[in-house]
1. I'd like the full set of residues that are in a loop (DSSP other than H, G, I, E, B) and touching a helix residue (DSSP H, G or I) at 6+ places or on another chain (Cβ under 9 Å), limited to the stretch 177-204.
2. Would it be correct to say that residue 360 is assigned to a loop (DSSP other than H, G, I, E, B), free of Cβ contacts under 8 Å to residues at least 60 places away in the same chain, within 27 Å of residue 135 (Cα to Cα) and not aliphatic (A, V, I, L, M)?
3. Restricting attention to the stretch 205-217, does a residue exist that is over 24 Å from residue 296 (Cβ atoms) and either at pLDDT below 95 or small (Gly, Ala, Ser) (or both)?
4. Would you mind stating whether residue 91 is touching a Ser or Thr at 6+ places or on another chain (Cβ under 6 Å), more than 19 Å from residue 354 (Cα to Cα), at pLDDT below 85 and in the same structural domain as residue 43 (by TED's automatic domain parsing)?
5. Is it fair to say residue 228 is modelled with pLDDT of 95 or more, outside any helix (DSSP H, G or I) and farther than 27 Å from residue 383 by Cβ?
6. Which of the residues belonging to the stretch 374-393 are modelled with pLDDT of 95 or more, more than 17 Å from residue 154 (Cα to Cα) and either small (Gly, Ala, Ser) or assigned to a loop (DSSP other than H, G, I, E, B) (or both)?
7. Whether any residue in the stretch 121-128 is assigned by TED's automatic domain parsing to the domain that holds residue 350 and assigned to a loop (DSSP other than H, G, I, E, B) is what I want to check.
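The values are calculated or read from the model by the stated rules, or taken from the named source; none is laboratory data. On a predicted model such as this, the values are computed, not experimentally measured, just so you know. Here the Cβ positions follow ideal geometry from the backbone for every residue, glycine too, while neighbour counts run over all protein chains shown.
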Amino acid sequence: MNLEDTMRWLLPIILYVCIEVYAYQAIKTITRSVWVQIGYLLVSLLILGYAIYIFANYDRSVGPTKYTLRASGLLLLTIVPKFAMVLFLFGEDVVRICITGYNYLSTTFFEGKVSKYMPDRRKFISQLALGVAAIPFAGLLHGIFRGKYNFKVLHHVLYYDDLPSGFDGFRLAQISDIHSGSFDDASKIEYAVDLINEQEMDLLLFTGDIVNTVAEEMDDWIDTFKRVKTPKYGKYSVLGNHDYGEYVTWNSKEEKDANFEAIKDIHTKIDFNLLLNDSIFVEKGEERIAVIGVENWGHNFKKAGDLRKASEKIAKDDFKILLSHDPSHWEYEVKKHSDHYHLTLSGHTHGFQFGIEIPGVIRWSPVQYVYKQWAGMYNEMGRYLNVNRGFGFHAFPGRVGIWPEITIIELRKSTKPV
């Protein structure tokens, strides 16, 4: 292990230990029972040891597994609530230090003696910190066992003045980021497929990341996703950044290429038409709309997408629906494009699988500090982008406040320009 690898491991461990030592102060303040304190430390050490073991033995030729998901889940379940405790305890320590400093200065200058008095930690503050920590703990626990399969159907109605009249009321369904290698409950996935099939839709579109890493992840799910109904105007898909097999180490280029071809074949096996920098027309009588699919294009990820090539068959005045996995593509290339792409469908962010969404009140997730468009519908100059929150999950085996999504978008003809 080189110095860079050592530092990559050492810094997170030091941070974890600092949080642990601080949080332990609350346990010591709340209870004097030695057995409770020892039990608390043992559980913390076991979780840390398990995580270190799993990640130290991470096999880059295999990629993420259910074991790495479990380890990351346990770490977050441990760290996040304790971090909430640390914030409370740190606030109390600031007050304790201020009181100590005041006592020292006042006794030194006015009484001619040195005071070493520092207030003890207050049991009430430690109990309050523990109570606050219980909130993210319960949220993470719910997210791991229930939230990751808490599928929601979200509806949007979009108005366009230049929508062909025959497509007024046309309904699109979008799913994204299946990440089949993370699934651990077949009945929940069957339920989600049934939920998709219950929707009224004319066209079904999938915006990438069918696996985490390797094609074999879909072997047990082919029959399940083959059940997804094919609406009247078909099912179309594109690739996401995880579909290129670039997050593992391959024995040879040939092996990597074979995996990539197998991933592309998955789309055929589940009756999706994969668009690789290509386009098709959906026609109703003499009217048509274009569906354009680019390979992955991300500002900070693989740039295989070629919008010019994908749009070669498309006229400038055609109504255009673009499938592009990474929403940064819309921000950097699409939204101001002279050819006016009416609607772009993306995924990729998962909404970070963690956040707070109360319609009309608050919408927040840490991912918003990385992606300007990270979940839901966006509109600039009449050009829309929908960022689907994802069907599956990755890295963290759960979802907290950001639920898996099936999107239904209805296109409507407006009587005046938007």
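1. So in the stretch 177-204, the residues in a loop (DSSP other than H, G, I, E, B) come out as 177-179, 183-185, 198-202.
If the condition is that a residue be in a loop (DSSP other than H, G, I, E, B) and touching a helix residue (DSSP H, G or I) at 6+ places or on another chain (Cβ under 9 Å), then 177, 178, 179, 183, 184, 185, 202 are the ones that fit.
2. It is true that residue 360 is assigned to a loop (DSSP other than H, G, I, E, B), free of Cβ contacts under 8 Å to residues at least 60 places away in the same chain, within 27 Å of residue 135 (Cα to Cα) and not aliphatic (A, V, I, L, M).
3. No, the stretch 205-217 contains no residue that is over 24 Å from residue 296 (Cβ atoms) and either at pLDDT below 95 or small (Gly, Ala, Ser) (or both).
4. Here the answer is no, as residue 91 does not meet what is asked.
5. Yes, satisfied.
6. Correct list: 393 only.
7. no
Table: residues versus (1) part of a helix (DSSP H, G or I); (2) touching a residue at least 12 places away in the same chain (Cβ under 8 Å).
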residue: 20; (1), (2): yes, yes
residue: 45; (1), (2): yes, no
residue: 49; (1), (2): yes, no
residue: 61; (1), (2): no, yes
residue: 70; (1), (2): yes, yes
residue: 82; (1), (2): yes, yes
